[in-house]
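The values are calculated or read from the model by the stated rules, or taken from the named source; none is laboratory data. Note that this is a predicted model, so its numbers are computed, not measured. Glycine also receives a Cβ, built like all others from the backbone with ideal geometry; neighbour counts cover every protein chain displayed.
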Amino acid sequence: MTTATVSLGASVSSQSRFMQLALAALLGTFIIGFVGFSHIDAVHNAGHDNRHSMAFPCH
Amino acid sequence: MNLFRNVVFIAAITGLVAGVVLACMQAYATVPLILKAEVYEQAEGGHSHDHAAAPADAAGGNAMSSAAPAASNTMSAATPAPAAAAAPAEDEGWAPADGFERFAFNVVSNVVTGIGFALILVAVSEFAGGIGNWRQGVFWGLAGFAVFTLAPGLGLPPELPAMPAADLTQRQIWWVATVIATAIGLGLIAFRKSLPLAILAVLLIVAPHIVGAPQPDSFETPIPEGLHHQFVVAVTLTNLVFWLVLGAVVGVVRGRFTGTATSLRDSFA
């Protein structure tokens, strides 16, 4: 945590590092949005029990 | 894109593990309660929902898998024919058949959800130096639980089918806003050594609950309060374990990746 060797991809520049991490977080947000928040009926029905069990707003 | 690739890889492994664990817990803890609630929902007329829960006769249940996609959107409550009672598909489209298919889709949903949350967790924690081992991961998991389960759950408790709720989009907006405010608040407390910022953090965490979550017009429901309470406890605890596993597995897998753990034993140090 204190030295550069302990971080993932230590060789990249800080700007590139920021962009890549932000991109990863964005991808995760899209995935959660699709599984948990999509209004498409088929997606809702497929993940129905998951949505209820994750306490995502449902119906 | 080396870093991005590593983050995605770690998140994929972690999401797979945590998602399968969560699906197994749900199969025993939460899904049986959902099925019970759907019986009440059916008894009430089966409106506002999609699944043919626990059809009274086995024949109806077997017929459902083939009948559901083709089911017409008749909501004829006046003529409760067996077919209509077994498959109130309304106009809600395709749904997995009860039994194995439904379970399988739940596992897939959980794994995908796990990967999504893991991506967010790994990316955010890398900004703060990364999750070094499973113990740090457990604390990150606790934070994730507080942000994604506890905080939104205070205003919008886990709900069962057939429970009244306010407009879906409004609840989703409140949910997302609460998650963001709580995450920023916890981040300020954890990573900024400043009293004014800590006070701001508390305000951020409290604010969504002062605004208040969107509430339904009426709280009337056929669901017994005991069943709902059981469900709230089950959802909260399964999510707690899910987040602890998620954080811990990130710590272990990441340790293997960065080379700080030369043996698997080191990643558990």
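Side notes on the structure shown:
- Output for region A:35-56, where each listed residue is outside any helix (DSSP H, G or I) and either without any contact (Cβ under 8 Å) to a residue 12 or more places away in the chain or surrounded by fewer than 24 Cβ atoms within 10 Å (Cβ to Cβ) (or both): A:Ser38, A:His39, A:Ile40, A:Ala55, A:Phe56
- Residue match in region B:210-232 (condition: under 14 Å from the mean Cα position of the chain (by Cα), on the phi < 0 side of the Ramachandran plot and not in a loop (DSSP other than H, G, I, E, B)): yes
- In region B:131-141, the count of residues that are more than 7 Å from chain A (Cβ to nearest Cβ), among the charged types (D, E, K, R) and in a helix (DSSP H, G or I) is one or more.
- Within region B:11-28, the set of residues being within 15 Å of A:Ile32 (Cβ to Cβ) and of a type in the set (S, T, N, Q) comprises B:Thr14 only.
- Out of B:Thr178, B:Thr221, sole residue that is free of Cβ contacts under 8 Å to residues at least 40 places away in the same chain, crowded, with 17+ Cβ neighbours inside 10 Å and within 14 Å of another protein chain (Cβ to nearest Cβ): B:Thr178
- Some residue of region B:31-40 being modelled with pLDDT of 50 or more, within 30 Å of B:Trp134 (Cβ to Cβ) and within 12 Å of chain A (Cβ to nearest Cβ): yes
- Note on region A:16-39: residues that are closer than 19 Å to B:Ala177 by Cα, aromatic (Phe, Trp, Tyr) and more than 9 Å from the chain's Cα centre (by Cα) amount to 2.
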